Structures are given as C-alpha cells and as structure tokens.
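Each remark here refers to the structure printed beneath this line.
The values are calculated or read from the model by the stated rules, or taken from the named source; none is laboratory data. These numbers were taken from a predicted model, which means no experiment stands behind them. Note that we place each Cβ from the backbone using ideal geometry, even for glycine, and neighbour counts take in every protein chain shown. Just the protein is used for accessible areas: all its heavy atoms, side chains included, with ligands, DNA and RNA removed. Shrake-Rupley method; radii C 1.70, N 1.55, O 1.52, S 1.80 Å.
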Amino acid sequence: MARIKEFDSDKALDAAVAVFREYGFEGTSTEMLVQAMKIGRQSLYDTFGDKWALYRLAVERYASEETDTHIAMLRGKPRAIDGIAAMIDRVVGTANQTCLGVNSICEFGQSRPDLAEVHRAADHRLRHAASERVRQAQEVGDVDNSLAADAVVDFLFASITGIRVAARGGAGRDQLASLGQLALRAIV
C-alpha cells in the first residue's frame, strides 16, 4: 500500500526556492534541500525528481510569482509612468533579497534549454506588459517619444538586473534608490 505524503509540496517547493536563491544550483547540496524542505531524501526524489528537476521547478515558481508581481506594479497605477516607477521602487525595496531569476541566468546563461525556456516565458509576459505601459507613457509625454518602446523596456530590465546585482555586491539602500531614480530619469 502506498504511503500518503506527510508534507505540503508547495511549502517544500517554497523552501527549495529559498535555498536555491541563496546558494544557486551548484552551491546547493541535496542535504541542504532536505533539511530546508523538511522532507526525506526519497520524498524529494519521489515528488520532485532529481535536483535539476527541483531547481527548474523552483525557478519556474519564482519567475511566475515575480512576473505576476511586476505586472501588478506596472498596471497598479492609473498613470503608466507611475506604474513603471512602482515596479522600479519595488525592485529597489526588495533588492536585498537574492533574485533567483538573475542568479540562474548568471549561473547557466543559455546552456540549459529547459531553463532558458522558463526565462523566455517569464520575459515574454513581463515584456508585453512593460511595453504596453511604456507606450501609454509615451502617448501622454511622460516617456521620451523619440525612444523605441522596446529599447526603453530593454534598458529598464537591464537596470533592474543591475540594481539586483549591485545589492548582492553590497550596495546600500541610498545607492540602490539612486540607481532606480537614474533609470527613470533616463527615459523621460
């Protein structure tokens, strides 16, 4: 007779996300995962597959949640520029929390097609929402109309990545806020 799972797989996956955020794939051992997830090694394998499958699921979960949150920030204000600013402000405010998305791109680049696909899907969703808001901001003169909307989005995403990497490197709150302000100033 099969044993019934004695753990919440969503909570276990959230715990794995936290470990992978801090240590990356290579820096995370299976033992670290089972301790954080509070499950046995066999339960980890039976439920999530091997370490790579768990990592991919963790990145997928993280990317989906972050993308949803960014889109909510973008669309959460009546004026498009205020939504863009809210997204940047959120990044600045949470930059001290390691970003699994940025870290996984730095660790693997495009070398793992299954992981790259997770990043592409999240990027596509966020890029669509950001482009829409940039165009709206351009229509009312809040963002420079001479700039291509897609180029503005590329710049904003690179700025977000830079803010997160700067935080990981030890930049203080004032430095991060300044980077966010400069990113916004560059597009108006």
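Summary of computed values
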| read-out | value |
| --- | --- |
| Contour excess over end-to-end distance, with Cα ends at Glu117 and Thr69 and 0.36 nm allotted per residue | 15.3 nm |
| At R0 = 41 Å, FRET efficiency that the Cβ-Cβ distance of Phe7 and Gln110 yields, to 0.05 | 0.75 |
| Global form of region 112-174, assessed from the alpha-carbon gyration tensor, a/c cut-off 1.5 | oblate |
| Kyte-Doolittle at least 0.5, axis length at least 18 Å by Cα - qualifying DSSP helices, the chain | 80-94, 149-168 |
| Between region 1-77 and region 144-186, the Cα center-to-center distance that results, in Å | 28 |
| Label-to-label distance, nm, for residues given as Asn145 and Gln42 (7 Å Cα→Cβ offset) | 6.9 |
| Region 103-170 - percent of accessible surface contributed by carbon and sulfur, probe 1.4 Å | 55 |
| Label zone at Gln181 (point 7 Å along Cα-to-Cβ), backbone N below 20 Å, region 75-108 | 81-96 |
| Listed residues Lys38, Lys11 arranged by accessible area, highest first, probe 1.4 Å | Lys38, Lys11 |
| Matching label, mean projected area of the Cα convex hull in nm² computed from the structure shown, candidates (i) 21.2; (ii) 10.1; (iii) 11.9 | (iii) |
| Rounded accessible area per residue of region 22-152, 1.4 Å, Å² | 50 |
| Estimated FRET transfer efficiency when R0 is 45 angstrom, pair Glu31-Arg135 (beta carbons, to 0.05) | 0.35 |
